[in-house]
1. Do me a favour and compute the ellipsoid semi-axes for the chain from its Cα gyration tensor, root of five times each eigenvalue, largest one first, whole Å.
2. For the chain, what is the accessible area per residue in Å², given a 1.4 Å probe and the full set of protein chains?
3. For ALA375, enumerate residues with amide H under 5 Å from its amide H, sequence gap 5+ or separate chain, H modeled in the peptide plane.
4. If you wrap a convex hull around the C-alpha atoms of the stretch 53-136 and split its volume per residue, what is the figure in Å³?
5. Over the chain, what percent of the accessible surface lies on carbon and sulfur atoms, probe 1.4 Å?
6. Hey, in the GNM for the chain with a 10 angstrom Cα cutoff, which one of MET190, MET364, MET261 fluctuates hardest?
7. Just list whichever of LYS278/LYS324; LYS278/LYS302; LYS281/LYS303 have alpha carbons separated by over 30 Å in the model shown.
8. Go through THR359, LEU256, ALA315 and say which Cα lies farthest out towards the positive end of the charge dipole of the chain; charges sit on Cβ, +1 for Lys and Arg, -1 for Asp and Glu.
Amino acid sequence: MPPGWAERDSYFRDLMTDTNDNLKHTPLHALHLELGGKMVPFAGYAMPVQYPAGVLKEHLHTREKAGLFDVSHMGQAFLSGPDPAKALERVTPADIQSIPEGMQRYGLLLNDQGGINDDFMTTRLAGEAALYLVVNAAVKEQDFAYIADKLAGAVALQPAPDRALLALQGPLAAAALERHAPGISGMTFMQAQRATVAGAPAIVSRTGYTGEDGFEISIEAKDAERVARALLAEPEVMPIGLGARDSLRLEAGLCLYGHDMDESTDPVEANLTWSLGKRRKEARDFPGSARILEHLLNGAGKKRVGLLPEGRAPAREGTEIADKSGRIIGRITSGGFGPSLNAPLAMGYIETAFAANGTKVDLMVRGKALPAQVAPMPFVPNRYKRAPKK
């Protein structure tokens, strides 16, 4: 077992938003128990942190074949009105109006000061006026209230708590899903469409949170268990819990909201400037644009970076980062062991002067200075199925 792996349960308990017994259940709760899922509180829900195979095997199986994740705790909603794309741009720097039909786009939900309230996905389904949104589980109620308040009078936001969400991830995900949704394997990265999966009406997008090729499948709650069982019956597919979901996304260099970004950080500091639409930057018409564009032009004081510790000891969230003189210059926001690398890895915020790849630093773990260096992300190359360049 990799060093520190036994800490996974306590790590996810640290992320929980409800410590009592009144946890919500996803439509797949009974199936998780049947499959031997070890349940922990997460974002107010009882969620499987792992199954009997264990986090390490689940992680590597997803990288090699295909893993099925229950992400029904995420917030799904539809935004309707005369021009929902134009209205949504009041709260994000993403170029929503230019999303083509049948595509989705990553965006940041900003507060008035340019801090990040959340990140989210917006989909423009072919032939439909309403936009389909997916936000993070831990802050979905706040997100929906914020969007409804800021866009009041222009659009109507309809949360969809009656929908479940599955993620099928890995290099063999397309082959497995194709057997239950013929033609679906022709989709490319960030495409989205309505489809039928194992006989159930669904919204399918070719995206995910692992760095692997894969799909997210939104279905009615009543169909969730039937569709999940159909996919799990495929020889390539294994059920995957939160533990491997976290190690996979960390290897992919992807942020976990509330840890790697929050209201105290802006898109430049979070190293997410690629999510700022060109037209939006020119118009300077998004929340916190003065601060963000100033940071974009002249640099911010801190930056999110990847870190590779030397040796085998992982450095967890909250670990201080020091320069070689011992001065504290930053803090780790996510850290652990990367099974694909067979080595520890982390990400965090560091003073921009030290953010160049290859910079040597020390991680202060239990009072000891462990050497590390700033490293490019993703740590593991992504394998998205991108459309051919025109």
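The values are calculated or read from the model by the stated rules, or taken from the named source; none is laboratory data. Remember, it's a predicted structure, so these values are computed and weren't measured experimentally. Here the Cβ positions follow ideal geometry from the backbone for every residue, glycine too, while neighbour counts run over all protein chains shown. Note: areas computed on protein heavy atoms with side chains; ligands, DNA, RNA excluded. Shrake-Rupley method; radii C 1.70, N 1.55, O 1.52, S 1.80 Å.
1. 31, 28, 19
2. 41 Å²
3. GLY306, LEU307, LEU308, GLY358
4. Details: hull volume 11.3 nm³, N = 84.
For the stretch 53-136, the hull spanned by Cα atoms encloses 135 Å³ per residue.
5. In the chain, the share of accessible area belonging to carbon and sulfur is 53 percent.
6. MET364
7. On the way: LYS278/LYS324 38 Å; LYS278/LYS302 23 Å; LYS281/LYS303 20 Å.
Going by Cα-Cα distance, LYS278/LYS324 fall outside the 30 Å limit.
8. THR359
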